[in-house]
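The next block holds one structure in the form of structure tokens; read it before the comments.
The values are calculated or read from the model by the stated rules, or taken from the named source; none is laboratory data. Keep in mind that this is a model prediction, so the values were computed, not measured. Glycine also receives a Cβ, built like all others from the backbone with ideal geometry; neighbour counts cover every protein chain displayed.
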Amino acid sequence: MARSMCWHCQSEVTGEYFCERCVKVQPVSKETDYFTCLGFPRRLTLDPKKLEAKFYELSRTFHPDFYQTKSTAEQTISLSNAAVLNTAYRTLRDPIQRAEYLLALETGSVKDIRTSPPADLFEEILELQDTLEEYRASDHGSDQGHRLRAVLQTEQEALERRKVEMESQLRQLFADWDKLQDTGEATSPAKAERNRILKQMRDLLSHRTYINNIVNDLAATIA
Amino acid sequence: MAYSDKVVDHFNNPRNMGSFKKDEEGVGTGMVGAPECGDVMKLQIKVQNDTIVDAKFKTFGCGSAIASSSLATEWLKGKTIEEAQKIKNTDIVQELNLPPVKIHCSVLAEDAIKAALTDYQQKADTQPIDTK
């Protein structure tokens with residue numbers, strides 16, 4: 001946590017969430033990212049058990065019940081800290097959301113490295129949606145209905161396999177990222193590697209979202 | 001927040017849904033997507049003598065994305081290339097009364113228009129000019 005001034009006694013705060021001098025709870029600064037907030041380094045492979053333990057520990061720390069007899073200022077601070085903490089935990093708990101969040105942190109805005117739209121994938125999705133429409137309009141009991149359903153089912157399975165493949169590629173990138181962070185180098189090859197990882201991660205994450213949507217559509221329609 | 005009547009109307013009665021053949025003469029195709037929500041939008045224009053004579057779209061996404069692209073095709077028809085360039089996402093937001101969380105849908109529609117226009121122009125540049 002960055003050094004700042006205690007809102008109450010104006011002394012310098014060096015502790016995590018409490019002033020060492022007057023022991024008042026300190027607000028989470030707006031600049032604090034979720035990793036710092038939960039006391040984790042900016043890594044993509046996190047131990048979910050450790051994350052959960054830290055979350056519970058901090059949840060108790062800021063729990064409104066413990067602030068009932070405190071000043072209004074302290075009640076407000078603890079409540080808003082608890083809210084930030086909840087969002088932080090929900091974001092970091094999920095590996096995909098964690099990666100999305102890290103990308104946003106590392107690149108300012110996710111849109112800054114907006115990828116060129118994957119034209120092939122889009123064509124495929126649009127074509128599949130057409131088949132889906134056709135199936136929805138068809139008599140499900142007819143031969144044509146059966147045929148379309150079989151086509152869609154095959155497609156769904158293929159897409160699900162692709163999703164799994166993408167997720168394993170993502171995990172590899174997560175590991176690459178963490179390794180790069182551990183070496184902590186600032187050389188130009190390290191920078192190039194950093195950009196490669198972020199770019200590929202962005203691509204994979206967005207392609208995964210598109211595939212996820214169509215898979216959900218397929219599953220809902222032919223279930 | 002509920003969808004505005006105009007969004008619901010476009011969603012229930014989408015205008016100009018469908019597609020042209022990509023390699024047809026005078027056709028420009030724009031395909032864009034929102035990586036955040038996974039919406040996919042395809043917007044096509046058919047141009048004759050610098051005027052958009054027809055437009056079609058196909059969108060897979062939320063109601064606002066469908067309404068935004070449906071409205072965009074309506075607006076595109078009859079416009080010149082130059083006029084079409086001027087369509088802004090804010091115009092769509094205003095017309096459809098989109099809430100703040102759905103503004104990105106209108107951005108997507110603007111991106112799709114731009115992509116279709118660019119595609120048309122690129123094709124026109126590489127093809128021999130027969131009129132003019």
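Beta carbons closer than 6 Å, at least 6 apart along the sequence or on distinct chains, pair a first residue in region A:35-56 that is of a type in the set (Val, Ile, Thr) with a second that is surrounded by 13 or more Cβ atoms within 10 Å (Cβ to Cβ) for A:Thr45/A:Phe174; A:Thr45/A:Asp178. Within region A:175-193, the residues that satisfy the criterion of being in a helix (DSSP H, G or I), free of Cβ contacts under 8 Å to residues at least 24 places away in the same chain and touching a helix residue (DSSP H, G or I) at 6+ places or on another chain (Cβ under 9 Å) are A:Asp176, A:Leu180, A:Thr183, A:Ala190, A:Glu193. Considering (1) more than 24 Å from A:Asn216 (Cα to Cα); (2) within 13 Å of another protein chain (Cβ to nearest Cβ); (3) among the small types (Gly, Ala, Ser), the lone condition that B:Gly26 does not fulfil carries the number (2). Considering region B:59-69, the residues that are crowded, with 22+ Cβ neighbours inside 10 Å and closer than 16 Å to A:Leu126 by Cβ include one that is nearest to the other protein chains (Cβ to nearest Cβ), namely B:Phe60.
The rows are residues; the columns are (1) closer than 30 Å to A:Gln200 by Cα; (2) among the β-branched types (Val, Ile, Thr); (3) buried (at least 18 other Cβ atoms within 10 Å of the Cβ).
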{"site": "A:Glu16", "(1), (2), (3)": "no, no, no"}
{"site": "A:Cys19", "(1), (2), (3)": "no, no, yes"}
{"site": "A:Tyr34", "(1), (2), (3)": "yes, no, yes"}
{"site": "A:Leu38", "(1), (2), (3)": "yes, no, yes"}
{"site": "A:Arg42", "(1), (2), (3)": "yes, no, no"}
{"site": "A:Asp47", "(1), (2), (3)": "yes, no, no"}
{"site": "A:Leu102", "(1), (2), (3)": "yes, no, yes"}
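Exactly one residue out of A:Ile211, A:Ile222, A:Ile197 is closer than 25 Å to B:Gly38 by Cα, touching a Lys or Arg at 6+ places or on another chain (Cβ under 8 Å) and more than 14 Å from every other protein chain (Cβ to nearest Cβ): that is A:Ile222. The criterion of at least 1 residues that are under 25 Å from B:Tyr3 (Cα atoms) is met by the following helices (runs of 4 or more DSSP H) wholly inside region B:31-132: B:63-76, B:89-96, B:103-126. Going residue by residue through region A:156-165, is there one that turns out to be in a helix (DSSP H, G or I), within 14 Å of chain B (Cβ to nearest Cβ), closer than 30 Å to B:Phe57 by Cβ and modelled with pLDDT of 90 or more? Yes, the conditions are met somewhere in region A:156-165. Scanning region B:31-58 for residues that are within 14 Å of another protein chain (Cβ to nearest Cβ) and touching a Lys or Arg at 6+ places or on another chain (Cβ under 7 Å) yields B:Met31, B:Lys42, B:Gln44, B:Phe57, B:Lys58. Return yes when B:Lys46 is of a type in the set (Lys, Arg), in contact with a Phe, Trp or Tyr (Cβ under 9 Å, 6 or more places away or on another chain) and closer than 26 Å to A:Asp120 by Cβ and no when it is not. Against the criterion (of a type in the set (Lys, Arg), in contact with a Phe, Trp or Tyr (Cβ under 9 Å, 6 or more places away or on another chain) and closer than 26 Å to A:Asp120 by Cβ), B:Lys46 qualifies. Name the one entry in A:Ala150, A:Ala223, A:Ala119 that is of a type outside the set (Phe, Trp, Tyr), free of Cβ contacts under 8 Å to residues at least 40 places away in the same chain and in contact with a strand residue (DSSP E or B) (Cβ under 7 Å, 6 or more places away or on another chain). Just a single option satisfies the conditions, and that option is A:Ala119.
Here A:Leu132 does not qualify as farther than 28 Å from B:Ala115 by Cα and either modelled with pLDDT of 95 or more or within 13 Å of another protein chain (Cβ to nearest Cβ) (or both). When region A:71-80 is limited to residues that are more than 27 Å from the chain's Cα centre (by Cα) and in contact (Cβ under 8 Å) with a residue 12 or more places away in the chain, the one that is nearest to A:Cys19 (Cα to Cα) turns out to be A:Glu74.
Within the span defined as region A:99-107, one or more residues are among the β-branched types (Val, Ile, Thr) and within 14 Å of chain B (Cβ to nearest Cβ).
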